Amino acid sequence: MSRVGDWSACSQLIEASAILRRIPLRVHVALIVIGFFIVAAIAPSLLQTHDPLAIDLTAPLQAPSFAHWFGTDQSGRDIYSRIVEGAGQSLTIGLGATALSIGIGLVFGIIAGLVGGAFDHVLSRLLDVLFALPTLFLALLFVCLFGPSVLTLVIAVGVGTAPGYARMIRGQVLSVKGAPYVEAAKALGHPYPRILWRHIIPNAMSPLTAMMTLGVGQAIVWAAGVAFLGLGVAPPAPEWGALLNAGRNYVIFAWWLEIMPGIAVVSFALGLTVVGRYLQDLLEGKI
Amino acid sequence: MRGVSFSLQAGRCLAIVGGSGSGKSVTSRAIVGLAGRRAHVHARQLTFAGTDLTALDDRSWRRVRGKEIGFVLQDALVALDPLRPVGKEIGEALRLHRAVASSEELERRVVALLELVGVPEAAVKARQLPHQLSGGQRQRAVIAAALALDPRILIADEPTTALDVTVQAQVLGLLEETKLRGKALLLISHDLAVVSRIADEVLVMHEGKVVEHGSADQVFQDPQHTYTRQLLDAVPSARPRGSRRSLLPAARPARPPLRSQEQSPSTFPSVVLSAAHLVKRFKGPDGVLRTAVDGISFELRSGETLGVVGESGSGKSTMARLALALDPPDEGAVLFQGRAWTTLTERDRRARRRAISVIYQDPLSSFDPRWSVGHIISDSLASDVESRDERYERVVELLDLVGLSPALLDRRPLELSGGQRQRVAIARAIAPRPAVIVCDEPVSALDVLIQAQVLDLLTDLKAHLNMSYVFISHDLGVIRQLSDRVMVMRQGRVVETGTRDEIFLNPRTDYTQRLLAAVPSLARGGVANRSFSRV
Amino acid sequence: MRVNSAAHVRIGWLAGRFVSAATVVWLAATFTFLVQCLMPGDRAQIIINMASGNVGEASPAELAAVNAKYGFDQPLVLQYGKYIWGILHGDLGLSYQQHRPVLDIIAEQIGPTIILAVAALIAAWVIAVLTTVLVAGQDNMWSTLLSGIQVFLATVPPYWLATILLVVFAVQLRIVPVIGGNSPIGLVLPTIALALELSGFLGQIVRSEFTRVLEQPFVISARARGMGELGVRFRHVLRHAALPGITLSGWAIGKLLSGAILIEAVFARQGLGGVLVAATSSRDVPVVSGAILISAGLFTVTNMLVDLTYRFVDPRIKMT
């Protein structure tokens, strides 16, 4: 159906540009925020005003100013530049953990949803167990076992958040499997693998983009929580959670040490949430 | 909706008629001041027994609602709070307007109200939740709640839409009774038959405007507006089979009709599909086996339409799924084109599935939401159509055949209207050139005008493409319009089978007679022979 | 007779729930056991290092003594059996660092943590319900603002919010003491900090269901009966809107326990947080595992309560 294909490519372009114009302001802002942090993660030096590790004992604990936008810490290091520097590690942890948890979730969810029966029952029970273990406790257990490192945090947060994805995907597979259009495809005489590949999997996966976007923000918040307890990646790496942890001791007389990294975490997570929810609405056809 | 005016009198019934989106429900809600937050109601005059309703503040409005105007909403399943006992809902108006002194009196009044509307075991039912009542009992309970404070006006918005025909007749009787007791009744309905039974005055609405207003006799016998005439004509009727009900021209294929069967009729006996002693049981949520289909046999001959009619729960849809071999029967077997069908493995069946298609009641859910119309139809084309250009041409041809423009090719199902969706579903069903199409309530969700068009289309296509239909419907009028032979089902069994005329003109069993009698008909003067109905 | 059979059904249902809860705890125990075995490095060596405070090779005699004390020299199956047997008798093993029963260590500290979590759950419900009933479904600025705030609260890390609250209310405004200890007044800020995040999640779910139910025909019926706005919202709509929130509460207990650990760190409160952080940094696996096991137990108990509550609010559901 080449001609149909050409038409749809063309109309998709038109559609896309129309959608672009209809995107609300908050999503634009969110995209700019996310873009900023992605650039910071890939090429931090482009955005930095100071060397994030350079100690300047003549200017410790300075309040935000033109010279130091977000102020300086107890060693005179520029907080803004440290936040930019830390984006890489925080984003790695967030993306890695989300990828891991969605990977686990996909395998569990699809198998449980497709196979069904006793197998599904056993897998669901296992998921219940993982669900019953609080994410942070699990993360601490992993840190306890393998010592603090980026990889530990990725695994800990990834495993801790996986059951949520698995449940969602399983439910999705089950609901799509029972959808009338799957039966309609069966009634047309299509073989099951084709139905699986062309209807069930794509439709079951459709909420995934939105979930992933929301998940990365949550993963970063969790990982920062571990670091906040002083159990994260060892200093002087300026991971956001570590910055938050370091700021705790100075919060009473140098609020910017705590507030600024927090704003970074919040704005990035919020940006992802806004975009994720927008995608969700978009995919559910609400817009 | 705009520019609507009418007056209601005690002991009379005014009916507002129109298709979906005609503004009839909004009108009724505006009268009780509940048109919704985003609605702006401007009325030059809205008076109730001399009181100007437009000038009322919220508190005074609440005194009018329930006490002076009772409101019966459509869809009784959700018109009562599903989490609260029925009695509590009915007693709420009494409690709110402080009409009772004690809880014992409240209980007595509630039971008396339920008895008034004819709910058996009223005291027991009052303590049950809405989902534990039958559809008819629920609708009666909703009416009881509206009548609780003996209001002078009763507004009923589609009060019988979801009900089986026998229950519908009873509920209409109940409404008629309240009218005779001196209530002013405002009836909102899309169903002309329902309206014709109790209305004294009719108001026809179309796209938010009143197109016709007059006494019931006048509107039904001598409709002035073309829309009213279309509505009356669109009603599935007893007119000769093949007469058209919509004003659209017949679907004419741009090229010679596609042959549906490559085989000549002699390669298989004239029976295309036959079932013998089908039994299907399902396990209910309580773990008890329920027999949905209980020993059904039927034959469908080549080129024939077998109408299957029955009330909800009669096993029609289960039977359709057995015929399509989507579910295996527990006993009995279906033969398709003279060969084994349900007894085959899915693998052996797959190649022949293209010869039997299905059209569902809800086309939207039967389409993959991500796929475009072109994709959906192309997907069901026979696999021998190899080249892309050929496929494209076939898809356009099929769209043309069902009366849709190729401009819809790239639309997604969500972007189509209800009628367009069902046309796409039909195009998908005829694409593999089937010998048989199983139509499961294909027009039940459509407005009466669209319904007429789709029925005409199905009739035309059958003639062009030499197919047979198993046509399932709860609507006796639709069945009568399309069928050659009719099978009446009840509680999983076949009550009666016969030619269309045998069933409709000379029913042998009690049940069929009762069904036909319960059908509200336009039995007024010039349209006396236009009896029609829904089950 | 009917009452009797209904009671039977209820007992049967409870028994079923209990079995499945026990299964979850047993599987969780298996998980923590396996994890302890998986610990990289020789466990006896780690324990000795922990006690001596320095890293070095221990003599075989020392290792053997520790192995014997903790039972590491026995076959895994036996160790597993003993572990499960111990749990059944309330024995979660010995702490590597403190050489005391894990259960004692946790039992001493878990009280304030549970109080904080429960207080936050209640506070979150109060916040979510009040804001929803007052604001939801109205097409105005407040509704938009509320939904924005809820998204914000659901995203903000509670520990960061707690720090800000601490600085503003305890340090700057001196409304509450900086270190409140376990007094009721000291519970206020931690509870709010922990509750706000959950109230964001809870509020979003309750609000969207509330808005949906507000348009349902039975609500219009109630209005047509002459019921006022508040009556409609409290008597009819809230009950429906609460249902998904109740389901969420079961899941939230895990999140609340996690959050409580972090909040305790911020306010230097007594509780499980201090134990866990110390145990994690000293690699005291039995304590961390024990805490996980106990929280899994709490989670299943909470979820049984949640199920009961759900059935109470929604009488349509049968006890099966």
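Quick rundown of the values:
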| item | result |
| --- | --- |
| Pick from region A:144-159, criterion within 9 Å of chain C (Cβ to nearest Cβ) and part of a helix (DSSP H, G or I), ranking: nearest to C:Leu256 (Cα to Cα) | A:Cys144 |
| Scan of region B:410-422 for residues that are at pLDDT below 90 and within 14 Å of another protein chain (Cβ to nearest Cβ), ordered by number | B:Asp410, B:Arg411, B:Arg412, B:Pro413, B:Leu414, B:Glu415, B:Leu416 |
| Among residues of region B:351-366, those that are part of a helix (DSSP H, G or I) and at the interface with chain A (Cβ under 8 Å from one of its Cβ atoms), counted | 4 |
| Qualifying residue in region C:221-231 (condition: charged (D, E, K, R), under 30 Å from C:Thr191 (Cβ atoms) and either free of Cβ contacts under 8 Å to residues at least 12 places away in the same chain or in the same structural domain as C:Ile122 (by TED's automatic domain parsing) (or both)) | no |
| Residue identified as of a type in the set (A, V, I, L, M, F, W, C) and within 14 Å of another protein chain (Cβ to nearest Cβ) among A:Leu106, A:Leu141, A:Leu95, A:Leu91 | A:Leu141 |
| Members of region C:131-155 that are within 21 Å of A:Gly241 (Cα to Cα) and either more than 9 Å from chain A (Cβ to nearest Cβ) or surrounded by fewer than 21 Cβ atoms within 10 Å (Cβ to Cβ) (or both) | C:Phe152, C:Leu153 |
| Residue ranges of helices (runs of 4 or more DSSP H) in region B:1-103 with at least 1 members at pLDDT 75 or above and away from every other protein chain (no Cβ under 14 Å) | B:24-31 |
| The lone exception for C:Ala291 - which of (1) within 7 Å of chain A (Cβ to nearest Cβ); (2) surrounded by fewer than 18 Cβ atoms within 10 Å (Cβ to Cβ); (3) under 14 Å from the mean Cα position of the chain (by Cα); (4) not aromatic (Phe, Trp, Tyr) it fails | (2) |
| Residues located in region B:155-164, provided they are crowded, with 23+ Cβ neighbours inside 10 Å and either more than 17 Å from the chain's Cα centre (by Cα) or of a type in the set (A, V, I, L, M) (or both) | B:Ile155, B:Ala156, B:Leu163 |
| Elements of type helices (runs of 4 or more DSSP H) in region C:209-320, at least 2 residues being of a type in the set (D, E, K, R) | C:238-267, C:285-313 |
| Criterion: aromatic (Phe, Trp, Tyr) and surrounded by fewer than 20 Cβ atoms within 10 Å (Cβ to Cβ) - qualifying residue of B:Phe282, B:Phe336 | B:Phe282 |
| Where A:Gly164 falls short, out of the listed (1) part of a helix (DSSP H, G or I); (2) within 11 Å of another protein chain (Cβ to nearest Cβ); (3) touching a helix residue (DSSP H, G or I) at 6+ places or on another chain (Cβ under 7 Å); (4) modelled with pLDDT under 90 | (3) |
| Given (1) closer than 28 Å to B:Val235 by Cβ; (2) within 12 Å of another protein chain (Cβ to nearest Cβ); (3) not in a helix (DSSP H, G or I); (4) not charged (D, E, K, R), number of the condition B:Ala425 does not satisfy | (3) |
| Selection within region B:104-148 - within 13 Å of chain C (Cβ to nearest Cβ), touching a Gly at 6+ places or on another chain (Cβ under 7 Å), surrounded by fewer than 20 Cβ atoms within 10 Å (Cβ to Cβ) and among the aliphatic types (A, V, I, L, M) | none |
| Checklist (1) farther than 25 Å from C:Thr23 by Cβ; (2) touching a residue at least 12 places away in the same chain (Cβ under 8 Å); (3) small (Gly, Ala, Ser) applied to A:Gly164, failing item | (1) |
| Near pairs, Cβ below 7 angstrom, 6+ apart or cross-chain, from region A:185-207 (within 7 Å of chain B (Cβ to nearest Cβ) and more than 18 Å from B:Pro432 (Cα to Cα)) to any residue that is assigned to a helix (DSSP H, G or I) and of a type in the set (Ser, Thr, Tyr) | A:His199/A:Tyr181 |
| Search result, residues across region B:367-388 that are within 9 Å of another protein chain (Cβ to nearest Cβ) and over 12 Å from A:Leu188 (Cα atoms) | B:Phe367, B:Asp368, B:Pro369, B:Arg370, B:Trp371, B:Ser372, B:Gly374, B:His375, B:Arg388 |
| Tally, over region B:122-141, of residues that are closer than 21 Å to B:Gln170 by Cα, outside any helix (DSSP H, G or I) and modelled with pLDDT of 85 or more | 0 |
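Residues are listed down the side, and each one gets a yes or a no for (1) without any contact (Cβ under 8 Å) to a residue 12 or more places away in the chain; (2) in a helix (DSSP H, G or I); (3) surrounded by 20 or more Cβ atoms within 10 Å (Cβ to Cβ):
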{"site": "B:Glu393", "(1), (2), (3)": "yes, yes, no"}
{"site": "B:Leu399", "(1), (2), (3)": "no, yes, yes"}
{"site": "B:Pro442", "(1), (2), (3)": "no, no, yes"}
{"site": "B:Gln453", "(1), (2), (3)": "no, yes, yes"}
{"site": "B:Thr459", "(1), (2), (3)": "no, yes, yes"}
{"site": "B:His464", "(1), (2), (3)": "no, yes, no"}
{"site": "B:Ile472", "(1), (2), (3)": "no, no, yes"}
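The values are calculated or read from the model by the stated rules, or taken from the named source; none is laboratory data. Everything numeric in this text was worked out from a predicted model, so none of it was measured. Ideal geometry is used to build each Cβ from the backbone, glycine not excepted, and the neighbour counts take in all protein chains shown.
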